[in-house]
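Colleague: Structure provided below as structure tokens; questions to follow.
The values are calculated or read from the model by the stated rules, or taken from the named source; none is laboratory data. Remember, it's a predicted structure, so these values are computed and weren't measured experimentally. With ideal geometry, Cβ positions are generated from the backbone for all residues, glycine too; neighbour counts draw on all protein chains shown. SASA here: full protein model, heavy atoms, side chains in, ligands and nucleic acids out. Shrake-Rupley method; radii C 1.70, N 1.55, O 1.52, S 1.80 Å.
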Amino acid sequence: YLRSSIYDVRDLLETAVIKAPEIPESLYNYGRYFVETGANTNARNVLEEALGVFKATEKKSQKRLLAEIDTYRILGELYAGDLDYLRAESYYVDGLSLFETERDNSGLKTDKKVGVLYSDLANIDYFISGDYEAALSNYMNAIENHNDTPSIRYRVGYIQYANENYAEALGSFIK
């Protein structure tokens, strides 16, 4: 029943992109709109364009950097949804590399979306490549970056149990 309101949002986002194509947040939000409406091909195209605009932008506030990092996460999730894990992993790694560089250089503060990015990469390590050590490291980073869920704690516990770290495994299972 709210579909008519959603279409107005699209018009607003399109207008923002047309009037100020040099502002990456307009493309980022337009891409997020397509993700929410299930138009994944359009979302990928718009978000890849947004990455180009983010990279070309000289002014990088913390909010803008976090939106750019989130763009990498969303693109990775779109490709992972299409079972293109190599491309998804590439986007995850690029987003995390940007985050870690900016955190070290400018003191960029984290948010939950960064934690989700770490857990997305860990899921590829855990489920696809079977690299449990890398998965454990990325899950721990996800937890440190405000993405602490029962499923992540279970996977951490499983890996610790497989490594015969029983006390740590029990602690993870309990949490």
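Colleague: Any idea which of L86, L66 is free of Cβ contacts under 8 Å to residues at least 12 places away in the same chain and assigned to a helix (DSSP H, G or I)?
Modeller: So the residue among L86, L66 that is free of Cβ contacts under 8 Å to residues at least 12 places away in the same chain and assigned to a helix (DSSP H, G or I) is L86.
Colleague: I would also like to ask the following. Looking only at region 123-150, how many residues end up being open to solvent by 70 Å² or more (accessible area, probe 1.4 Å) and either more than 19 Å from V93 (Cβ to Cβ) or among the polar types (S, T, N, Q) (or both)?
Modeller: So the count comes out to 4.
Colleague: Still on this structure: Name the one entry in L117, L108 that is open to solvent by less than 70 Å² (accessible area, probe 1.4 Å) and in contact with a Lys or Arg (Cβ under 6 Å, 6 or more places away or on another chain).
Modeller: L117
Colleague: Could you grab me the full set of residues in region 151-175 that are open to solvent by 60 Å² or more (accessible area, probe 1.4 Å) and either outside any helix (DSSP H, G or I) or touching an Asp or Glu at 6+ places or on another chain (Cβ under 9 Å) (or both)?
Modeller: Once the filter is applied, which keeps residues that are open to solvent by 60 Å² or more (accessible area, probe 1.4 Å) and either outside any helix (DSSP H, G or I) or touching an Asp or Glu at 6+ places or on another chain (Cβ under 9 Å) (or both), region 151-175 yields Y161, N163, E164, N165, K175.
Colleague: Now, a different point. Considering only residues that are of a type outside the set (S, T, N, Q), out of contact with any Phe, Trp or Tyr (no Cβ under 8 Å at 6 or more places or on another chain) and open to solvent by 20 Å² or more (accessible area, probe 1.4 Å), which ones fall in region 63-100?
Modeller: K63, L66, E77, A80, G81, D82, L83, D84, L86, E89, V93, E100 - these are the residues of region 63-100 that are of a type outside the set (S, T, N, Q), out of contact with any Phe, Trp or Tyr (no Cβ under 8 Å at 6 or more places or on another chain) and open to solvent by 20 Å² or more (accessible area, probe 1.4 Å).
Colleague: Let me ask you something else. Restricting attention to region 106-113, does a residue exist that is closer than 22 Å to E144 by Cβ, touching a helix residue (DSSP H, G or I) at 6+ places or on another chain (Cβ under 8 Å), of a type in the set (K, R) and part of a helix (DSSP H, G or I)?
Modeller: yes
Colleague: For A16, indicate whether it is in a helix (DSSP H, G or I), surrounded by 13 or more Cβ atoms within 10 Å (Cβ to Cβ), among the small types (G, A, S) and free of Cβ contacts under 8 Å to residues at least 24 places away in the same chain.
Modeller: yes
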